[in-house]
Amino acid sequence: MRKTILIADDEKNILISLEFLMKREGYLVMVAHDGQEAIDVISKEHPDLVLLDVMMPKKTGFDVCQEVRANPDLKDTLILMLTAKGRDTDIAKGLALGVNGYIIKPFSTRELAQKVRDMLEQA
Amino acid sequence: MRRFDWRVAIGVAIIGIICLLWLLATGILIWSTLDGAGRDAVAATLGPSIELLILMWAISLGAVGIALRWLVAYFMTAPARLAEDAQVLLGTDVKRQLQPSGSIENRSLTELINQLVQQRETLREEMDALVQEAAHNTELEKNRLAALMSELSKSVVVCNLDGRILLYNNRARRQFQRLSHPPKVTTGVELLGLGRSIYGLFDRKLLTHALDNIQHRLQGNVTSPSAQFVTTTQSGQLLRVQMAPVRAVQHETKESAQMTGFVLLTENITDEFEALSQQDHVLNTLTEGSRAAIANMQAALDVLEYPDLQADMQASLLRVLREETQGLGERIHELKSTTVNGFMSHWSLEDMQGADLVEAVINRINAREEVTATKSSVDTSIWLKVESFTLLEAITYLAELIYQQCHVNMVQVRLGIIENHGQLDLCWTPKNNEKDIRLHCEKDSIRLGGEMSSLTIQDVVERHDGAFWFEHETDGHQALFRFLLPLAKPQEYQQLSALVNEKSRPEFYDFDLFQASEHARSLEDCKLSELSYTVFDTETTGLNPADGDEIIQVGAIRIVNGKLLQQERFDQLVDPKRTIPAASIPIHGIQPEMVQGQPVIAEVLPAFHAFVGDTVLVAHNAAFDMRCLQVKETETGVVFDQPVLDTLLLSAVVHPNQESHGLDAIAERFNINIHGRHTALGDAMATAQVFLHLIHLLDEQGIQTMGQARAAAQNTYYARLKY
């Protein structure tokens, strides 16, 4: 079965590339443009993995992560956090709140694709 | 009105009775020598003219009364006045020639007293010359201190442990002028003045917290036990404050130095802060914004490399690249127009041992009673950079939140280290293992005991450049709030005694400034000589405040510790919003155009109220001035409920025999020159000097406390006047 991926980021300019890339990798791709939309999509569509940006309108990536982890139905959802902040306090916070991995912007798409592949295989 | 003299009345009555008895005795004697015919003849002669006899008796009594009155004035009142005047000369150092009056003996006595006063003056002057010479060196030292203080670029305020201001420099004065609110009326003197409370300037809790920190460090023998914090004032200015203890001079004992007061060094960093915030903003947009932009570009580039890309996809990716490069260019331009000198932490973080912080957290939480906090595991090697006041408030708030939301009344505090950060946890065991409970409080304003702070938890965390979250431990059953806080280098502890023994203490600390003065006595028991006073006077459009007469000028001056503070004055014209009667202008000298554009009474009274603060109000004929203030209570909402003393009444207490207790007459009695009589400030100054003399004279009569003075004043005739 094809794995599904949700890309949650408010920047259209990266959604274009990431969507293309993930489709090319052979995944089913959904997109969300803010935190609330991300939560809605996750609880409805149960994607296997979420590429989650931290700084988003309405709800931050941290909020989304916390809500997902609080819901037992979604406990298998993998979360890969994308952060432009790059502060180690943010990374510590993300890991504490239950993200499965993080990537600091900017990143190479190859690195990202590899990370996604690894996470899905391990699961 | 001349007072009725009982002595004259009693004298006349006694003489009248004696005359009557004498006449009766004579009559009875004559009556007994007469025979029947003689008696009839006498009765017939005197019977019809008995009224005449009584009238003559009464007239003679009147004559006796007048004579007695003159005699009393001549032989008794004149000496009594002389005695009162002499008492003034004895009790104060007034130089004045007494006017001879009354009998020859009284006159010569007056002359003698004048000569004695002259002699005393000569002696005193000689003495003064000697003292002055001796004081010269001390004065030099004081001047050196004054020069040093005024040269300092930081503002300095010295307080005793009660928070009373004992010393401040010019810089501080200017700084607090800027803080004064509203700036139109006041000049900052209502905030900063000798004897005023520092808590009018700074939040009492904040200072108490800083003092506690210093005390704690003193006990721990830290080398430089100072504390610092940043605070906002009511007018929105940002101050960075450094607090250092003033310690008692030690006499070769090893016990830890006792704190007797503290020095506050303050710096207004409002402008600096604004500049820094802007720099922060630029830097943040640069780093975080650029990361995102570069990520967008890199992803687009990576995708562009795929050979089988469709034309429209290629076009949109190129557009992404163009947009992002342009955005980056703009950001660089923005950076160039702002000078960025480096990343500085604008909030004043201070180094604190982690264990101390944990202890403070526990004490703060336990002080609030609902929740009990205990220490769990604490790494004592950790030193943190914290702004402890706000951090403690935040944690205390969280403990209350746990109590309210989870109904748990036991929390544990934990401190560990994770990579480059200290990790402070507030943990608890949720009831019934409710794992699903979630607490979102980052954006909560910190509320403590009904008091709402303008800060949120997130603000506090950002000040520390740290992180904060709520989590359930995966192993174990605990829930926790976690703070990541910046680490500091461990401070070295040094033996304090080594430093104290060095001769580094400046010698100007020998003024007797630091004797704590706050007595646990009620105001009634306070000594008049130790209280702080605001002596004031108002000029008005007329004498009927209740019927539309308005205040047009308020003047006031302060007395602290028995000293008139010439610099700390309040002098304000008021626009009465009505005409000033022409008849009143010669009295106060205020022309209608002078009050134009001046603040109205609703602006002036709040400022004056702040100037008065917690001092005792003093005025001459205070009933009138207080009435003027009282009729404005409903309009301005400012209530002057301070205790009041009236120099007119007190003068009547001290000198019951003087005919006039007008300000001019009293001033003449004390030989006070009034500068600017009938200006509010001039009269207030004169009243203040009169009041200082009165305190001395009351003391000699055994009237020493506020309660005694008020009781004595109430018993005088003048206390019954009403406005």
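Details
- Which of B:ASP40, B:ASP537, B:ASP547, B:ASP212 has the fewest Cβ neighbours within 10 Å, and the rest in rising order: B:ASP547, B:ASP40, B:ASP212, B:ASP537
- Phi-based couplings in Hz for segment B:694-707 (Karplus 6.51, -1.76, 1.60; Gly and Pro marked x): 4, 4, 4, 5, 5, 4, 5, 8, x, 9, 10, 9, 4, x
- Cα gyration tensor, chain A - rounded (a/c under 1.5), prolate or oblate: rounded
- Inverse mean reciprocal Cα-Cα distance (Kirkwood Rh) of segment B:273-337, Å: 13.2
- Residue-by-residue Karplus 3J(HN,Hα) for segment B:101-111, coefficients 6.51, -1.76, 1.60, Hz, glycine and proline x: 8, x, 5, 4, 4, 4, 4, 5, 4, 4, 4
- Estimated from helices alone, the mean residue ellipticity of the protein assembly as shown at 222 nm is -14500 deg cm²/dmol (sum of -39500 (n - 2.57) over DSSP H runs with n ≥ 4, per residue).
- Label separation (B:ALA546 vs B:GLU274): 5.1 nm, computed from points 7 Å beyond Cα along the C-beta direction.
- Computed as a quarter of the hull surface, the mean projected area of the alpha carbon convex hull for segment B:6-91 stands at 7.1 nm².
- Structure note, pairs A:LYS85/B:LYS431; A:LYS59/B:LYS489; A:LYS85/B:LYS205; A:LYS93/A:LYS115; A:LYS59/A:LYS115; A:LYS75/B:LYS375: Cα-Cα distances above 27 angstrom occur for A:LYS85/B:LYS431; A:LYS59/B:LYS489; A:LYS85/B:LYS205; A:LYS75/B:LYS375.
- Averaged over the residues of B:296-308, the number of partner chain Cβ atoms lying within 10 Å of the residue Cβ comes to 5.
- For chain B, a/c is not less than 1.5, where a ≥ b ≥ c are the root eigenvalues of the C-alpha gyration tensor, and a/b tops b/c. That puts it in the prolate class.
- Antiparallel DSSP beta bridges within segment B:526-568, as percent of all bridges there, nearest 5: 100
- D (Stokes-Einstein, µm²/s), Kirkwood Cα radius, segment B:350-486, 0.692 mPa s at 37 °C: 220
- Segment B:585-662 - Rg and Dmax from Cα coordinates, angstrom: 15.5, 47
- Look at the stretch A:15-25: the mean tally of other chain Cβ atoms within 10 Å of its residues' Cβ atoms is 4.
- Look at B:ARG173, A:ARG87 and count the other Cβ atoms within 10 Å of each Cβ; fewest to most, that gives A:ARG87, B:ARG173.
- C-alpha long axis of helix B:50-71 to longest principal axis of chain B, angle in °: 50
- Scanning residues 5 or more positions from B:VAL600 or on other chains, those with amide H under 5 Å from its amide H are B:ASP575, with H placed 1.01 Å from N in the peptide plane.
- Global form of segment B:596-723, assessed from the alpha-carbon gyration tensor, a/c cut-off 1.5: prolate
- Full extension of the chain segment joining B:ASN366 with B:ARG124 gains 80.8 nm, where the gain is 0.36 nm per residue of separation less the Cα-Cα distance.
- Virtual spin-label span in nm between B:GLN228 and A:LYS75, 7 Å along Cα→Cβ: 5.1
- If R0 equals 60 Å, the separation of the Cβ atoms of B:GLU330 and B:THR579 corresponds to a calculated FRET efficiency of about 0.40.
- Cβ-based exposure ranking for B:TRP57, B:TRP6, in which fewest neighbours within 10 Å come first: B:TRP6, B:TRP57
- Between the listed residues B:MET685, B:VAL653, B:PHE624, the Cα displaced farthest toward the positive end of the dipole of segment B:523-720, a dipole computed from Cβ unit charges relative to the Cα centre, is found at B:VAL653.
- Here the label points at B:THR636 and B:ASP93, each 7 Å from Cα along the C-beta direction, are separated by 3.8 nm in the simple model.
- Kirkwood hydrodynamic radius computed over the protein assembly as shown comes to 35.3 Å, based on all pairs of distinct alpha carbons.
- Rounded to the nearest Hz, the phi-derived 3J(HN,Hα) couplings of segment B:398-412 under the Karplus curve 6.51 cos²θ - 1.76 cosθ + 1.60 (θ = phi - 60°) are 4, 4, 5, 4, 4, 5, 6, 8, 10, 6, 10, 10, 10, 10, 10, where x marks glycine and proline.
- Length added when fully stretched, B:ARG39-B:SER101, from 0.36 nm per residue minus Cα-Cα: 16.9 nm
Every number here is computed from the coordinates shown, using simple stated rules; none is lab data. This is a predicted model, so every value here is computed, not measured. Glycine gets a Cβ as well: all are built from the backbone with ideal geometry, and neighbour counts include every protein chain shown.
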